[in-house]
Amino acid sequence: MKMHGRIYATGKRKEAVAKVWLKSGSGNIIVNGKPLEEFLGGREALKLRVKWPLMLTKQEGNFDIEVKVLGGGFAAQADAIKHGISKALVEYAPEFRSILKPAGLLTRDAREVERKKYGKKKARKSPQFSKR
């Protein structure tokens, strides 16, 4: 969705929801008011995961990205941001779809935490069985 010269997209993963705004710029990624490096700290793998859609489409220094992300842990938030950036890039240029879709970046990862069942210790773990 395009509004005020920016492209908006939403990315999701587990409990994390990322609202992504993409606009032409110099390659700054701001997450919850902090630069990406400060937000993710020393987690290099997660930083790479967030930048992956930009690297695949060769757009690393072309966009300023502003993100608001809520819920989940750092890994889920990074994946939600990645999903949102991918959707925004396709909104910006539909030809990027043929690059991002085969890499699996436009598909929402539907895996969620399974609920705990009564009579069990966790979702599937049973109490210890005693024969006598």
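Nothing in this text is a laboratory measurement; each read-out follows from the coordinates by a stated rule. Just so it is clear, the model here is predicted, and its values are computed rather than measured. Quick reminder, even Gly has a Cβ in these numbers, built from the backbone with ideal geometry, and neighbours come from all protein chains shown.
Tabulated data for the structure shown
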| item | result |
| --- | --- |
| Yes/no for residue 124 being of a type in the set (D, E, K, R) and free of Cβ contacts under 8 Å to residues at least 24 places away in the same chain | yes |
| Scan of the range 13-50 for residues that are out of contact with any Ser or Thr (no Cβ under 9 Å at 6 or more places or on another chain), surrounded by fewer than 18 Cβ atoms within 10 Å (Cβ to Cβ) and not in a loop (DSSP other than H, G, I, E, B), ordered by number | 23, 24, 30, 34, 35, 37, 38, 44, 45, 47, 48, 49 |
| Some residue of the range 107-117 being among the acidic types (Asp, Glu), out of contact with any helix residue (DSSP H, G or I) (no Cβ under 8 Å at 6 or more places or on another chain) and in a loop (DSSP other than H, G, I, E, B) | yes |
| Close pairs (9 angstrom Cβ cut-off, 6 or more residues apart or separate chains): in a loop (DSSP other than H, G, I, E, B) in the range 1-12, charged (D, E, K, R) anywhere | 1/91; 4/23; 5/23 |
| Criterion violated by residue 91 - all others in (1) in a helix (DSSP H, G or I); (2) under 18 Å from residue 30 (Cα atoms) satisfied | (2) |
| Members of the range 64-82 found to be over 12 Å from the mean Cα position of the chain (by Cα) and surrounded by fewer than 21 Cβ atoms within 10 Å (Cβ to Cβ), listed by number | 64, 66 |
| Residues satisfying the stated conditions in the range 13-44, i.e. charged (D, E, K, R), in contact with a helix residue (DSSP H, G or I) (Cβ under 8 Å, 6 or more places away or on another chain) and in contact (Cβ under 8 Å) with a residue 40 or more places away in the chain | 13, 14, 15, 19 |
